[in-house]
Each structure stands twice: as C-alpha cells, then as structure tokens.
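What follows is calculated from the coordinates using simple rules that are stated; it is not laboratory data. Model, not experiment: these values are computed from the prediction. Cβ: placed from backbone, ideal geometry, glycine included. Neighbour counts: every protein chain shown.
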Amino acid sequence: MNYFDHNASTPIAPEVLDVLQQVQSEVYGNPSSIHSPGQRARQYIEEARAQIARLLNCDPKEIVFTSGGTEADNLAILGVPPGHIITTAIEHPAVLAAAEHRGNSTIVTVSADGVVSPDDIRAALRPDTVLISVMHANNETGAIQPVAEIAAIAHEAGALFHSDGVQATGRIPVDVRALGVDMYSLSGHKFNAPKGVGALYVRDGVKVNARQFGGRHERERRAGTENVPGIAALGSAAALAPPDTLALRDHLEHSILNRIPGTRVNSAAAPRTPNTSNIVFPGLEAEALLISLDLAGFAVATGAACSSGAVRPSHVLTAMGLSASDAKSSIRFSLGRGNTLEQVDALIANVERSVARLRKLSPVDA
Amino acid sequence: MPDPSPDTLIAVAMSGGVDSSTVAALLQREGHRLVGMTMQLWNQRRLPELQVEGATGRCCSLDDVYDARAVANILGIPYYVVNFEDDFERTVVKPFIDEYLSGRTPIPCTLCNNHVKFDKFLEMAEGVGASHVATGHYARVSFNPDSGRYELRKGVDESKDQTYFLFGLTQPQLARTLFPLGGMTKPEVRALAASLKVPTAAKHDSQEICFVPNGDYAAFIDAWFKDQGIPRQSIQGEIVDTSGKVLAGHHGVHHYTVGQRKGLNVAVGEPLYVIATNPMTQQVIVGRNEDLLRRTLTAKDVNWVSVAPITEPRSAQVKIRNKHLAAQAMLIPTSDPKRVEVRFDTPQRAVTPGQAAVFYDGDLVLAGGWIE
C-alpha cells in the first residue's frame, strides 16, 4: 500500500516502535508507586515530558499527557471558567463539539483560502470573552492560521488563547512561547507515535479544571494512571526530525495541476503545512476516485476521516465558500515519513488514469 | 446471464442481507474479482419520532453495514460504503411523498432501482473500474442473439420474483447487470449461504418499504414534513359514498389507498372499501367490493424491456401489484409507444393509480409502466 493519508494517521516510526515495545514489555510499575519499579515508570514519563517540552519550547511541568488530541482539545475548551468563547468554522469536531457543549460561543468564518482573519476574531470579542481557540494548521487543507497575532488579540482582551496543534506538531516548527499561546493540543498518532496518547501544553500560571475525576495525576489536571508506553513513545517521536515532504508534495501538486485540466488546489495562496495538498477535480465524485485509487493500492482521503459515512460535504471546504459540488470533488493527499519519489510518481500516474476513466463517464465542462 | 471475462471487476451491491452476501460468496467461488459496496441511502437517525421499538423494514442501519463489512472481510474482498443519501432523497423519497399527496400509491422500490441501484450505483461501479454490477434480486437476464436484446425474466422462485420492481431497466443497464440468484429458490439460497459459511445465512428477510418503519406511510410523511420544517395545516376531508353522500371525516387522503378496508371508521351494513381518492377535493370515495373492479387501465411511461414496442395488439399477462397474480389481458398500442391500454379478460380488483402494470409473456418481462 502506498499511503498518502498521514493527516488521518501515520505509521509508527521504527525508532518509536522500539521504545514502545521495550517499555510495554519491561516497564510495568505504576508511576505513582513508591517502589523502584514505580520510580522507573515515572522516569520514562518525565523523560518524555522533557522531550515534548523541548519540541514545543516550554517547561516540562507545562505538559499534561492525555489520551489524544480530542481529550486535549476538550480539556482546554471545557476546563476554563464560564464565559463567552470564540472559535472558527474550520476547527476539528473535538473543538467545535466541545464549544457547542459549553454554549455561548461565536464561530468565526474564514477566507476563501481557508485562513481566519485576526480582525474578524477581534470583531467577535465581547466583554465576557474568556477563551479564543484557533487551530494552528488545518487538517483538510494544511492552511496555517495566524495564531501569534490572534494570541496577542486574546491577551489584549484579557482572554485565554488555545490552539489545536494536532496537524502542526511534527510537521512545522512549533514554539509555544513565540506563538504566545496559553494552551496547545497535540496528538501522537499524527506524527509517528501510537494512537491513544497526546498532550496539552498549559502555560505556567494558567488554571485548567480537570474534566475527569480520580487520582491527583498530572498536577491534578488529568486523573488516571498514565499510559506509560504510549507516553514514552510520544516522547521519542517528538525527538525525531520532521519528515522532509515539501519537495515531494510540490512535485505531486504541480504534476496533477499540469496534467489534469480544471484541477486546482484548495488554500493554494495560504501558507500551508509541507505535507498537505487538497485538490478539486471539478465534476468528479471524489468518493469514486478514492475507491479507484484504493483498489490500485493508493490510500488518499476525501474531507476529513472523521466525516466518512456522513452526508454533508466537508465543513472546512464549505466554510471556505466551495460549492457543495466542488467540496464533494476534493481529494486530500497528505504525505509523511517514508513516502518516496517512486510512490509519488506512481500515484500521479494512477490519479491521471482514474480521472480519465471517471471523466469518460461524467462529462465536465471545466 | 451476461458472462463477464474472468479478469474483469464486478461490483457487488451488498445490503448485509443473506441474498447479496450469497451473491458475493458465489461469485468469489467462481473466481471473479470483486469489490463489495453498500449503498448508504437513508439516515435512520433522521426522523426520531419513527424510531419505534421493534420496527421492521429498516434499511441502511449500522447493523446492516456491520454485517456487510463482516461478510466482505471473511471473503477477503475490498469493501466500501458509498453514500447516495442525496440521490435517494431526490429521486425516491421526494417523488414518493409527492405521489402520495397526489392521491396515488407509489412504488419507491422501482424508483430506487431505476435511479439509484441501476443508475447511480452502476455509474459508481464503472467509475472504480468494474464492468458489471451484481445484486441479490430474484430475476434473470439473458441475451437473445436473434432479437439482439437483453431479456429480463422472472426469478425461478415465483414467490420471490422481483421483476415487478425491475421493469424500468434499460438495455445498457441489463447488459452490465448480473442476478446470480435468479435461477435459485430462496431455500436453495439459504442452503448455499450456509454451505458457503455466509455469516448472515439465517438473517431475516427485509420487509416493506425500507425507509418507512412498519409500513406506516402516513406517519412517515408527517415526520418528513416536520423534519423539513414545512408547516402543514391540519387537513379536513370527507369520506363519501359513490352517490356523494358524506359518511365521515378524515385527516388527509394520504392516509388512504385504493382497496383499503380497515381504518375507515364508517359504520354501515356492508363492508366498504376505498375505491378512489381525490387530493384536490380531499374526498375519499368508498364503495362495495364490486365497485373496485376494473376491466381496463392505461399505463404511461412504458419501458419496453425485452421486446421492441408493440405496434399491434398482443396478449400478455399483466400484474398490477407485486403480489397480484398476473391476469390475462390484451395490450393495445396507442399512438404514443410509451402509453399502452390494457384490457383484462376478467375485471381486476383495485387498479391503483401510481402502481405499476408489468406485462409478461410467461416468465419473460415484456414491458412495464405506471397506472394512470
């Protein structure tokens, strides 16, 4: 299988798998225990905490381990005091659904390039605004959001700022101090660590109220015995150099645009993560193209993985103003560690072949 | 049956039921390359007030997808759920409701076959590189070299025959369609399913119209309007006898269908039946059983399936409901080849506008159209 869906999930890197297996089989103590097996488990957690802190440029004690991106986002959104919150139309459901659950929220829309305007965020401020949450990079288009500017706006207004960094971590440099964020979410399986582990950065001095109740783990911000092997693996993934996908992504994108008339890139004019290309094939059903490519051994995505089975076209693409038809004709290619030029060339050839067959069936005026 | 070459890809429409699961297992045993697909046509969570306990006739439930996926996994064939909810709404549900409110009794299964299963699905199958589609319908297709046409015949199991719903198929559609169960009886299919270790071998047959729980059309239509946010004025109508005498009131002609006896709430000496409904005047006309008898009907939008349109009268057997025993009749062509007059040898009960009239010569499907 040629895998081009790294924004949905990534394979575990070999170095990370070594750590995972070793800790899984050898480190059995409860990190809260006083004895040496417990202390050994604790060491792995604290080493991972330091590795994540190095990746994000923060202090280890500012890292709260969670079960993944959704829990990190939920903790950030639901863990701050009551009041008005502002977020955007292109967030992951982990943010949008949590905001809806809270109530009293304003959803700010985005430009045709899939980027939110800081001015629009400023215009949505209210005296009782307590939190602004804007993702760092979008999962469907890769569009990078003006997070630092918006963080400054939040602080001017006396509100906290959270960013969902699930798609940015491990792909682009993240410096939480330079960005000025108060909270930042990440998820292990998006950057070659296993599923079931993630983290929330919480700036020193910011209080988040726990969302689950039990022991006093993670400085009383997240109860429950820590996922020691997962956390150790997350730490080792944080220490990897980010995959170099930019040249391959650009090659893929240029080739498709040149060879297949009518195609265009969503968020083309926005700064984007170097691994993501979301392309409209006007008049084609992306679902049919996806299945064709899968049968030929190439895994790609339509919309976000979480939306599969749902009827609605991608909420991200429709928020950018794409017609329902163009949104349903969009394919997301997301590259990662391990993709090669040969794979990309084979993908291009197969996309071309599948599109030619599909276009024979449904004539397009594009 | 059209015989695809062994290296072509066949798309199997898998509902999660025993029939389509057996089709997949059978074609795989014959060595074909397969891709399984389940059509997601209807969101079961959409009309919550219809989610009654123990409802029959549910389609596209998570359980069905789960079953279809499990069968595909066991067979080791690629499998996908394809979402046609928008097409289904536009080409099946909406016309179904319009027909009902116009006083006709529609057949959504035929619309679904014409517009979704053998149109949209066929297009999707071709798009992913499949040359044929296979379904679990009880019907047979064969090519007649003399006429140069594909012919549609009843399934061998007359009690399961589904050709009444398939009369809209065109020659290009038939050319790419496989009905591997057409030569088998249902008990044979169940036995084959068991021998092929199909996990759904003992699953119950689906019933009624798949998206209408318990066959309660009126409740479905009311719930649909509520879902669309379209306010409906409460409808007041009259139940009248054939002389125009008002016998009772009612809440909309869509609660009634021709031939219906139950639920009229009219007490007179003899049993009364609905013989017609008029949506313009909101009148439900009731009468005696013999008032339901008709000797002729006109079918419109006739699709000539296995033979060319007739130019001379010809005898045929005509079915006016799925469970109707085909009745001997003469087909009389009109100036429009898509309109045919049907003259029955003996009068038929409850000729219902909106239902299909399907013309047979023995087990051969000649044509079918919609009763005016």
### Message
Using each residue's phi in region A:137-143, evaluate 6.51 cos²θ - 1.76 cosθ + 1.60 at θ = phi - 60° and report the 3J(HN,Hα) Karplus result to the nearest Hz, with x for Gly and Pro.
### Response
9, 7, 5, 8, 9, x, 4
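Please compute the volume of the convex hull spanned by the alpha-carbon atoms of the protein assembly as shown and report it per residue in Å³. It would help to have the intermediate numbers written out before the result.
Numbers: hull volume 149.9 nm³, N = 738.
Roughly 203 Å³ of hull volume per residue.
Contact order normalised by length for chain B, with contacts defined as Cα pairs under 8 Å and 6 or more residues apart; what percent is it?
Numbers: 801 pairs, mean separation 62.5, N = 372.
17 percent.
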### Summary
Expressed as a whole-number percentage, the relative contact order of chain A with C-alpha contacts under 8 angstrom and at least six residues apart is 23 percent
### Query
Relative contact order (percent) for region B:9-215, with alpha-carbon contacts under 8 angstrom and 6 or more residues of separation?
30 percent
### Summary
Highest mean packing first, using Cβ neighbours within 10 angstrom, the peptides A:5-15, A:27-37 sort as A:5-15, A:27-37
### Query
Which is farthest toward the positive dipole end of chain A among A:VAL197, A:VAL316, A:GLY283, measuring Cα position about the Cα centre, with Cβ charges +1 (Lys, Arg) and -1 (Asp, Glu)?
A:VAL197
### Summary
Around B:ASP336 (Cβ within 15 Å, Cβ-to-Cβ, excluding B:ASP336; K/R +1, D/E -1) the net charge comes to 0
### Message
Using each residue's phi in region B:274-279, evaluate 6.51 cos²θ - 1.76 cosθ + 1.60 at θ = phi - 60° and report the 3J(HN,Hα) Karplus result to the nearest Hz, with x for Gly and Pro.
### Response
6, 10, 6, 10, 10, x
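For peptide B:126-132, how many partner chain Cβ atoms fall within 10 Å of a residue's Cβ, on average?
Values: counts 6, 14, 13, 9, 2, 0, 0.
Across the residues of B:126-132, the mean count of other-chain Cβ atoms within 10 Å is 6.
Sort A:315-326, A:225-236, A:180-191 by the packing proxy (mean of other Cβ within 10 Å over each peptide's residues), most packed first.
Working: A:315-326: 19.5, A:225-236: 24.5, A:180-191: 27.8.
Going by the mean number of other Cβ atoms within 10 Å, highest first, we get A:180-191, A:225-236, A:315-326.
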### Query
Ranked highest first by average number of other Cβ atoms within 10 Å, how do B:194-202, B:12-20 line up?
B:12-20, B:194-202
### Inter-chain shielding of B:30-43 (mean C-beta neighbours from other protein chains, 10 Å cut-off)
1
### Query
Residue by residue, what Karplus-based ³J(HN,Hα) values in Hz, rounded to whole numbers, does region A:242-247 have, using 6.51, -1.76 and 1.60 with θ = phi - 60° and x for Gly and Pro?
x, x, 9, 10, 4, 5
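Using only DSSP helix segments of four residues or longer, with each worth -39500 (n - 2.57), what per-residue ellipticity at 222 nm results for chain B after dividing by its residue count and rounding to 500?
Values: 9 runs with 77 residues, N = 372.
For chain B, the value works out to -5500 deg cm²/dmol.
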### Message
Set the bar at 28 Å for Cα to Cα. Now go through B:LYS94/B:LYS117; B:LYS154/B:LYS203; A:LYS328/B:LYS154; A:LYS195/B:LYS203 and name every pair that lies beyond it.
### Response
A:LYS328/B:LYS154; A:LYS195/B:LYS203
#### Entry: Between region A:202-273 and region B:236-286, the alpha-carbon center distance in angstrom
65 Å
### Query
Two-decimal Rg/Rh of region B:293-371 from alpha-carbon positions, Kirkwood Rh?
0.91
### Task
Kindly state, as a whole number, the per residue volume in cubic angstrom of the convex hull around the alpha carbon atoms of chain B.
150 Å³
## Note on the structure
Applying the gyration tensor rule to the Cα atoms of region B:63-214 (axes a ≥ b ≥ c; rounded if a/c under 1.5, else prolate if a/b exceeds b/c, else oblate), the class is rounded
### Query
Classify region B:233-287: rounded, prolate or oblate, from the alpha-carbon gyration tensor (a ≥ b ≥ c, eigenvalue square roots; a/c under 1.5 rounded; otherwise prolate if a/b is larger than b/c)?
prolate
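Once a ≥ b ≥ c are taken as the square roots of the eigenvalues of the Cα gyration tensor of chain A, is the result rounded (a/c under 1.5), prolate (a/b larger than b/c) or oblate (a/b not larger than b/c)? Could the numbers behind the result be given before it?
Working: a/c = 2.26, a/b = 1.35, b/c = 1.67.
The shape class here is oblate.
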### Task
Excluding residues fewer than 8 places away in the same chain, name every one of the lysines whose C-alpha is closer than 19 Å to that of B:LYS300.
B:LYS319, B:LYS338
### Message
Just checking the output field for A:285-297: average partner chain Cβ neighbours within 10 Å of each residue's Cβ?
### Response
4
